[in-house]
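S.K.: Next up is a structure, given as C-alpha cells.
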Amino acid sequence: MQITVHGWKKIKYYYIIILVVCLLYPNQVKKTYHKNVSYANRGMSLEHLINETNKYYLVNDIALIYKKPTPIAIKSTEYLANKIKTTGYLQAKSTLDYVGLYQGKYLDFDAKSTLNKTSLPLNNIHDHQLKHMRLVIKHQGISFLLIEIREQIYLLTGEDLLAFIDHNQRKSIPYDYILNKGHLIKIGLNPSIDYLKIIKNIYF
C-alpha cells in the first residue's frame, strides 16, 4: 500500500499527539507542577504593592512615605575591561524599611512575609528594629508592621506587636494573634493596599 505525502503528515501528527499524551499522562495520571515561591519573591511582591501605594499617596497629596536606602560603605573599587567591581559593607543597622509623614504625624513601618501558615517567626524581626519601634511610640509616632501570611496582608500596630513580645516567651507570633489583633487590608487598584485608611481609623 502506497502512502501519500498527506498520509505521512497525518501519521506524524498522530504520533506527536500520542507522545504528548504519554508524557503528560503516564499510567493515566496527570502530572501537576508546583512553582516554588521563595521568601524573597513573596517579599518583593509585597514590596511592589507598598511602593505602588506610596506613589499613589504622593501623587494625590495624601502622605509622604518612602523606602529608606540601606546605608552602604564602599571598601574598594576595581576597574575591569567593561565592568566596575565594587566591594562594600552595611555601614549601620537599618531600622524600619519605610518612613514618612501623614497628617502631621511621623510614621514608619516594615514589611514581613512568611510562608508559614501558623505563625510569623520572630527571627524575621531584629532586636534593633523592636528597640526603634519602642522609641517611635514613646515619642508619639506611629510604628507598625505589614504582614503577609496565608496570602493575606495584615497591619499589626507596634503597640500590639510589643505587647505580645513583652508577655510571651514564644519565638513566633501565632496566626490567631495576627488574625485577632491585626487589621486585614484588601488588595485594590488605586491604591493597591490602602494601609493609611486603617492608620486613620486607629490613630486619628
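All of the numbers you see were taken from the coordinates with simple rules; none came from a lab. Fair warning: this is a prediction, and the values are worked out from it, not measured in the lab. Glycine gets a Cβ as well: all are built from the backbone with ideal geometry, and neighbour counts include every protein chain shown.
S.K.: For L80 and F204, compute 0.36 nm times the residue count separating them, minus their Cα-Cα distance, and round to one decimal in nm. Working shown, then result.
M.R.: Details: separation 124, 0.36 × 124 = 44.64 nm, distance 5.55 nm.
That pair, L80 and F204, stretches by 39.1 nm at full extension.
S.K.: Taking the Cα centre of segment 39-203 as origin, sum charge times position over the Cβ atoms of Lys and Arg (+1) and Asp and Glu (-1), and report the length of that vector in debye to the nearest 20.
M.R.: Values: 21 positive and 15 negative charges, 57 e Å.
It comes to approximately 280 debye.
S.K.: While we're on this one: Along Cα→Cβ, 7 Å out, is where each label goes; now give me the distance between the ones at L101 and V59 in nm to one decimal.
M.R.: 2.3
S.K.: Over segment 39-203, calculate the relative contact order: mean separation of alpha carbon pairs under 8 Å at least 6 apart, over the residue count, as a percent. All intermediate terms of the calculation are to be shown ahead of the outcome.
M.R.: Numbers: 244 pairs, mean separation 33.4, N = 165.
The normalised contact order for segment 39-203 reaches 20 percent.
S.K.: Taking the Cα centre of segment 139-204 as origin and charging only Cβ (+1 Lys, Arg; -1 Asp, Glu), how large is the dipole, in debye to the nearest 20? Please list the in-between numbers first.
M.R.: Values: 7 positive and 7 negative charges, 13 e Å.
So the magnitude is around 60 debye.
S.K.: Right, next: 7 Å from Cα along Cα→Cβ at both I187 and K171: what's the point-to-point distance in nm?
M.R.: Placing both labels 7 Å beyond Cα along the Cβ direction yields 3.1 nm.
S.K.: Could you sort 97-105, 173-181, 77-85 so that the peptide with the highest average Cβ count within 10 Å comes first and the rest follow in order?
M.R.: 173-181, 97-105, 77-85
S.K.: Sequence gap at least 6, Cα distance under 8 Å: using those rules, report the relative contact order of segment 109-183 to the nearest whole percent. Present the calculation step by step, with values, prior to reporting the outcome.
M.R.: Numbers: 97 pairs, mean separation 28.9, N = 75.
This gives 39 percent for segment 109-183.
S.K.: Take each of the peptides 144-153, 111-120, average the number of other beta-carbon atoms within 10 Å over its residues, and list them starting from the highest.
M.R.: 144-153, 111-120
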